[in-house]
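The values are calculated or read from the model by the stated rules, or taken from the named source; none is laboratory data. Please read all numbers here as calculations on a predicted model, not as lab measurements. Using ideal geometry, Cβ is built from the backbone for each residue, glycine included, and neighbour counts are taken over all protein chains shown.
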């Protein structure tokens, strides 16, 4: 299964970016093969609509789940309409976040704007 993690860089060892729509990069990770690709988020600098554009890009990559610190209402609704599951996490490296996802330790996001809570 393909998942996407918002990231501050283009390596799996970089920190997760707590922002979805304005994250620097998205790490697209295949949980079956362990392979990943980094995609620069060209929507991050938009004056408006960054969440929708980032969500549409994520949908185009064929992911089934997205992990970030929080999701704005427009990104949330776009991802929900595409039946993509959203999860929030407190952060760490992308690699650590993926590990927690694979271990079933992340909580599914049910509402827009919901941030990770301990």
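Some observations on this one:
- Of all residues in the range 16-33, those satisfying the criterion of being in a strand (DSSP E or B) and either touching a helix residue (DSSP H, G or I) at 6+ places or on another chain (Cβ under 6 Å) or buried (at least 16 other Cβ atoms within 10 Å of the Cβ) (or both) are 16, 25, 26, 27, 28, 29.
- A search for C-beta distances below 8 Å between a residue of the range 26-53 that is within 17 Å of residue 96 (Cβ to Cβ) and any residue that is at pLDDT below 95 and part of a loop (DSSP other than H, G, I, E, B), counting only pairs 6+ apart in sequence or on different chains, returns 26/41.
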